[in-house]
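Asks: One structure follows; several queries about it will come next.
Every read-out reported here was derived from the displayed coordinates using simple, explicitly stated rules and does not represent laboratory data. Note that this is a predicted model, so its numbers are computed, not measured. Backbone-built Cβ (ideal geometry, glycine too); neighbour counts: all protein chains shown.
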Amino acid sequence: MWKRLPAAGINKNQWDACVISDSSGLVYALSWYLDAVAPNWEGWAKEQNNEYVAVLPIVKRRIAGKPVITQPLLTQQFGLFRLKPSIDLTKLWQELLLKIFKPGSAVEQYCLKPSDFKILKNLLPVIQKTNLVLPLHLSYREIKTAYHSNRIRDLHKATLAKLQLQRGNNCWPDVFRLYQETILPRLKPNQQTILLKIIPQLIEAAIKQGLAYTYVVLLPNKQVVAGAIFICYKNRLTYLLPAASKSGKKVGASTYLIDQVCQQFAGSEVVLDFEGSSKPGLARFYQSFGAQPEVYGILENYNFSLILKIFYALKKYKK
């Protein structure tokens, strides 16, 4: 039987067992991750013999006084997570679909992992999105042969600039500081406010879980010109929080950092997950390392009433 549960009412050990067992290898639906990015999250759980066998996370916010399903920042994909692969995913969606996306239940945004998108794309107006991933099972020499000429030029610039790489999670405040200087100003004010709060919570939680990898790139004078925080869960290395200064971009610091990570994990089962991007320039940058497309889906502005549509449009216009 399916149950809708608030975070406080969820058995997090059983919840995480489903997420960990699921073949997707996505970190976003683990309870500690959700606690960091959306403390008021809720979930649907299917119980059999007092045990969760499938779960689905839901996050809501209020628009015009109404609760609306939304995709929280720093989470690219949600969906159904199963305790055992033998559990029929299509049947689970048949049971749950009208409970979640029923008439009158508004969805601002909900992102579906590839297996869920494949099932729902003909049932809901789900938009296809493209993630970019780079499998690192080949040797570093073989991985590097797929680099575009721009990446080779950047690596040459990095050599001339004598860039240095520093590893260690004690460096994460340096990355966060650079992120605040270079990325946050481009975002909407409400997004800035949320990220300033949840990023430290998420990074500290990831470090506690032993899943965080932090890198900074320095000039010979020890000035930090680029950095990134990754989360390595199962075999998926998520490029969660990258940042580079103008001077870092001039000397190929971001290329140098990613190349160093490729060297570190080459020959392993790790997949470097770039998390997109929907921005053409960034997508081209990731593709220039040999990244491959991975399709997922997004359900947007679904079941919006006329009043909600008007309010939402006005709110977006003001931002």
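Asks: Can you work out ³J(HN,Hα) from phi for every residue in region 243-251, in order, using Karplus 6.51 cos²θ - 1.76 cosθ + 1.60 and θ = phi - 60°, giving whole Hz and x for Gly and Pro?
Replies: With coefficients 6.51, -1.76 and 1.60, one gets 7, 8, 7, 4, 5, x, 5, 5, 10 Hz.
Asks: Rounded to two decimals, what ratio of Rg to Rh does region 51-124 give with C-alpha atoms and a Kirkwood Rh?
Replies: Details: Rg = 12.9 Å, Rh = 13.3 Å.
Ratio of gyration radius to Kirkwood radius: 0.97.
Asks: Using only Cα atoms, tell me the angle between helix 253-265 and the longest principal axis of the chain; keep it within 0 to 90° and round to the nearest 10.
Replies: It is inclined by approximately 80 degrees.
Asks: What is the distance in Å between the Cα centroid of region 201-269 and that of region 156-194?
Replies: 9 Å
Asks: Any chance you could get the radius of gyration and Dmax over the Cα atoms of region 179-225, in Å?
Replies: 13.5, 37
Asks: Over the chain, what is the relative contact order in whole percent, taking alpha-carbon pairs under 8 Å and six or more residues apart? Let's see the in-between values first.
Replies: Numbers: 562 pairs, mean separation 77.4, N = 319.
Relative contact order for the chain comes out at 24 percent.
Asks: Please turn the phi angles of region 178-189 into ³J(HN,Hα) values with the Karplus equation 6.51 cos²θ - 1.76 cosθ + 1.60 (θ = phi - 60°), one per residue in order, whole Hz, x for glycine and proline.
Replies: For region 178-189, the Karplus curve yields 5, 4, 5, 7, 10, 9, 3, x, 7, 8, 5, x Hz.
Asks: For region 210-222, what does the Karplus curve 6.51 cos²θ - 1.76 cosθ + 1.60, with θ = phi - 60°, yield as ³J(HN,Hα) per residue in whole Hz, taken in order and with x for Gly and Pro?
Replies: Coupling constants for region 210-222: x, 10, 8, 10, 10, 9, 10, 10, 10, 6, x, 7, 6 Hz.
Asks: Let me know the charge dipole size of the chain about its Cα centre in debye, to the nearest 20, where only the beta-carbon of Lys, Arg (+1) and Asp, Glu (-1) is charged. Walk me through the numbers on the way to the answer.
Replies: On the way: 42 positive and 21 negative charges, 231 e Å.
With Lys and Arg at +1 and Asp and Glu at -1, about 1100 debye.
Asks: Right, next: Please list, or write none, the aspartates and glutamates whose alpha carbon is within less than 15 Å of the alpha carbon of Lys129, excluding same-chain residues fewer than 8 places away.
Replies: Of all the aspartates and glutamates, those that pass the test against Lys129 - Cα under 15 Å, at least 8 places apart if same chain - are Asp116, Asp273, Glu275, Glu294, Glu300.
Asks: When the convex hull of the Cα atoms of region 137-269 is projected onto a plane and the area is averaged over all directions, what value comes out in nm²?
Replies: Numbers: hull surface 33.7 nm².
Over every viewing direction, the Cα hull of region 137-269 projects on average to 8.4 nm².
Asks: Which three numbers, in whole Å and largest first, are the semi-axes of the equivalent ellipsoid of the chain derived from its Cα gyration tensor as √(5λ)?
Replies: Rounded to whole Å, the semi-axes are 35, 23, 19.
Asks: I would also like to ask the following. Which chymotrypsin sites (Phe, Trp or Tyr not before Pro) in region 73-154 pass both tests, a DSSP loop state and at most 14 other beta-carbon atoms within 10 Å? Show your work: numbers first, answer last.
Replies: Values: sites: Phe78, Phe81, Trp93, Phe101, Tyr110, Phe117, Tyr140, Tyr147; in loops: Phe101, Tyr147.
Counting only loop positions with at most 14 other Cβ atoms within 10 Å, none of the chymotrypsin sites (Phe, Trp or Tyr not before Pro) in region 73-154 qualifies.
Asks: Same structure, new question: Using only Cα atoms, locate the centre of region 27-97 and the centre of region 105-152, then give the distance between them in Å, rounded to an integer.
Replies: Comparing the Cα centres of region 27-97 and region 105-152, I get a distance of 20 Å.
Asks: Let me ask something else. In the structure displayed, which of Lys91/Lys197; Lys84/Lys208; Lys84/Lys144; Lys12/Lys279 lie more than 29 Å apart, Cα to Cα?
Replies: Values: Lys91/Lys197 38 Å; Lys84/Lys208 27 Å; Lys84/Lys144 37 Å; Lys12/Lys279 35 Å.
Pairs exceeding the cut-off: Lys91/Lys197; Lys84/Lys144; Lys12/Lys279.
Asks: Assuming a viscosity of 1.002 mPa s and a temperature of 20 °C, what translational diffusion coefficient in µm² per second does Stokes-Einstein assign to region 205-264, Rh being the Kirkwood radius over Cα pairs? It would help to have the intermediate numbers written out before the result.
Replies: Values: Rh = 12.1 Å.
The calculation lands on 177 µm²/s.
Asks: Roughly how tilted is helix 89-100, in degrees to the nearest 10 and between 0 and 90, from the longest Cα axis of the chain?
Replies: Between the helix axis and the principal axis of the chain, the angle is about 70 degrees.
Asks: Can you tell me the relative contact order of region 1-81? Whole percent, Cα pairs under 8 Å, sequence separation 6 or more. Numbers along the way, then the final one.
Replies: Values: 121 pairs, mean separation 25.6, N = 81.
Relative contact order comes out at 32 percent.
Asks: Need the list of aspartates and glutamates near Lys246 for cross-linking: C-alpha distance under 16 angstrom, and skip anything on the same chain fewer than eight residues off.
Replies: Asp154, Asp174, Glu181
Asks: In region 1-112, if the dipole is taken from +1 on Lys/Arg beta carbons and -1 on Asp/Glu beta carbons about the Cα centre, which of Leu80, Ala64, Tyr52 is farthest to the positive end?
Replies: Ala64
Asks: Mind grabbing the base-10 log of I(q)/I(0) for region 209-319 at q = 0.11, 0.14, 0.21 Å⁻¹? Debye formula, identical points on the C-alpha positions, no solvent, two decimal places.
Replies: Log10 I(q)/I(0), no solvent term: -0.52, -0.73, -1.16.
Asks: Long-range amide H contacts for Glu275: which residues qualify at under 5 Å (H placed 1.01 Å from N, peptide plane, sequence gap of 5 or more or a different chain)?
Replies: So Glu275 has HN proximity to Leu132, Tyr239.
Asks: Okay, helix-only estimate at 222 nm for the chain: each DSSP H run of n ≥ 4 adds -39500 (n - 2.57), divide by all residues, round to 500 deg cm²/dmol; what do you get?
Replies: Numbers: 12 runs with 124 residues, N = 319.
One gets -11500 deg cm²/dmol as the mean residue ellipticity at 222 nm.
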